[in-house]
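Written below as structure tokens is the structure these notes are about.
The values are calculated or read from the model by the stated rules, or taken from the named source; none is laboratory data. Treat the numbers as computed from the prediction; the structure is a model and nothing was measured. Cβ: placed from backbone, ideal geometry, glycine included. Neighbour counts: every protein chain shown. All accessible areas refer to the heavy atoms of the entire protein, side chains included, with ligands and DNA or RNA removed. Shrake-Rupley method; radii C 1.70, N 1.55, O 1.52, S 1.80 Å.
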Amino acid sequence: MDNLVNEKKTGWEKVDNELKEKIYKFADEYMYFLNNGKTEREIVSETTEILEKNGFVNVEKLEELKAGDKVYYCNRGKSLYIAVIGEEKMEKGLNIVGAHVDSPRLDLKPNPLYEENGFAYFKTHYYGGIKKYQWTTIPLSIHGVIVKTNGEKVKVNIGEAEEDPVFVITDLLPHLAQEQMEKKLKDGVSGEALNLLAGSIPANEKDAKEKVKYNILKLLNEKYGIVEADLLSAELEIVPAFNAKTLGLDRSMIAGYGQDDKICSYTSLRGILNIEHPKKTAICILSDKEEIGSMGNTGMESHVFDTFIAELLDKVGENRPNLLDRVFCNSRMLSADVDAGYDPIYSSVSEVNNSAFLGRGVGLNKYTGARGKAGASDANAEYVAEVRKMLEDNNIAYQVSELGKVDVGGGGTIAYILANKGVDVIDCGVPVLSMHSPYEVTSKFDVYEAYRTYEAFLKLQ
Ligand code: MN
Ligand code: MN
């Protein structure tokens with residue numbers, strides 16, 4: 001029997017030149033997407049533009065919906081729900097692919113700006129699970145919005161254009177770092193040391209108390225028309241100022257910031273763009289706040305997604321009391337989030353038989369969680385078999401893995417939130433090296449397979 005043993009091989013072996021061209025082209029398009037959107041707000045506005053160009057309409061503009069219609073709902077500019085209405089009644093179930101568009105980063109504090117000994121700094125508060133030392137001594141940019149009390153919203157993006165200045169968090173020179181170097185790695189750089197260096201020229205105003213800070217405020221006022229108090233109602237995010245690039249002499253990989261989870265956001269978006277007149281209604285979720293627990297009204301724990309599905313049910317004329325619960329119970333989902341890739345340099349945290357390898361296709365996690373699967377949504381074997389069949393029927397390379405060794409750690413995704421509503425869910429995404437770092441690594445082969453996976457799934461009958 002050819003298939004008696006489940007042999008695990010790199011997918012590149014079966015890639016001919018023609019396919020390689022396609023994979024590289026897709027990767028280029030993905031990197032373009034990454035470099036144009038580094039925050040959830042930017043990704044959502046970039047994605048909305050792509051959707052509009054491809055015939056998707058804001059669902060609020062339509063009174064009625066019919067099979068084949070393509071719509072989206074934008075939740076406060078930070079998360080998106082996308083749908084292509086199916087031929088079949090929604091009651092029979094939806095095909096959902098759910099990714100998230102937020103990534104670990106540093107946020108500016110509400111009162112960020114201060115001056116100390118001739119330097120102006122911005123105070124930050126990190127967002128999501130980061131290794132703090134990784135954010136020092138790299139070029140950083142500021143992205144986000146400042147909202148004035150009159151409602152005017154100022155968009156900020158400093159550090160990306162060639163002529164823009166960048167920002168940096170300094171670190172101690174090794175010559176004087178003896179004490180720092182003896183600390184535990186997690187304590188080497190503290191949260192309160194993640195201060196962004198922002199200026200050093202004093203203002204001319206004689207009466208100004210802190211002249212360097214004053215000068216920065218003057219520059220911000222000239223550029224954006226804001227005063228210091230306006231920073232109280234702002235969302236300013238600090239992200240790496242460098243771009244995603246091809247990695248390796250063989251050009252097989254991608255290095256870039258925010259691939260968790262823009263890699264699954266982009267591939268699922270590309271998947272749903274190919275859906276025309278599906279049998280089942282196809283849904284794509286681009287959620288926010290996953291990295292800090294999915295809470296809040298733009299996170300997956302909110303009921304805004306339910307409201308969106310209820311709105312679809314109303315507008316196709318199918319709704320009736322309690323139908324929403326039934327729709328969810330009949331639905332299936334791929335939780336499209338990244339997976340920990342096996343890293344030979346840090347092999348001791350992985351169990352090799354149950355690890356996801358870069359280049360072997362999409363990684364499925366039957367469950368996540370930590371210490372005895374705590375907090376995991378464990379996909380039912382029946383459903384895993386259904387997803388395997390879909391992958392095998394489409395000749396898609398896949399692997400089923402765990403995050404790492406049993407007692408080493410763990411993690412979670414949005415899978416459990418939809419599973420709690422009654423949806424059949426499994427985690428299915430792209431393996432990543434250096435996850436949550438400013439420069440995450442993925443395989444171009446896996447990116448392409450993720451795209452094929454999400455498209456095939458959204459077309460399931
Ligand atoms: Mn993620
Ligand atoms: Mn993450």
- Only strands (runs of 3 or more DSSP E) wholly contained in segment 60-137 count here; list those with 2 or more residues that are surrounded by fewer than 23 Cβ atoms within 10 Å (Cβ to Cβ). 70-75, 105-116, 119-127
- Task: Go through the residues of segment 392-413 one by one and say whether even a single one is exposed (fewer than 15 other Cβ atoms within 10 Å of the Cβ) and not in a loop (DSSP other than H, G, I, E, B).
- Result: yes
- Among residues of segment 213-248 being closer than 24 Å to residue 29 by Cα and of a type outside the set (A, V, I, L, M, F, W, C), the residue most open to solvent (accessible area, probe 1.4 Å) is 245
- Item | Residue in segment 428-440 that is acidic (Asp, Glu) and more than 15 Å from ligand 1 (Cβ to nearest atom) present | no
- Message: Being closer than 23 Å to residue 274 by Cβ and surrounded by fewer than 18 Cβ atoms within 10 Å (Cβ to Cβ) is the requirement here; does residue 6 meet it?
- Response: no
- Task: Could you list all residues from segment 38-59 that are without any contact (Cβ under 8 Å) to a residue 24 or more places away in the chain, open to solvent by less than 50 Å² (accessible area, probe 1.4 Å) and under 15 Å from residue 265 (Cα atoms)?
- Result: 46
- Message: List the helices (runs of 4 or more DSSP H) inside segment 209-319, counting only whole elements, that have at least 3 residues being out of contact with any His (no Cβ under 8 Å at 6 or more places or on another chain) and of a type in the set (Lys, Arg).
- Response: 211-224
- Report whether or not residue 320 is open to solvent by 40 Å² or more (accessible area, probe 1.4 Å) and basic (Lys, Arg). yes
- Task: State whether one or more residues within segment 122-132 are away from ligand 1 (no atom under 16 Å from the Cβ) and either among the small types (Gly, Ala, Ser) or not assigned by TED's automatic domain parsing to the domain that holds residue 192 (or both).
- Result: no
- Can you find even one residue in segment 141-153 that is open to solvent by 20 Å² or more (accessible area, probe 1.4 Å), within 16 Å of ligand 2 (Cβ to nearest atom) and modelled with pLDDT of 95 or more? no
- Within segment 157-189, restricting to residues that are outside any helix (DSSP H, G or I) and in contact with a helix residue (DSSP H, G or I) (Cβ under 7 Å, 6 or more places away or on another chain), the one that is surrounded by the most Cβ atoms within 10 Å (Cβ to Cβ) is 169
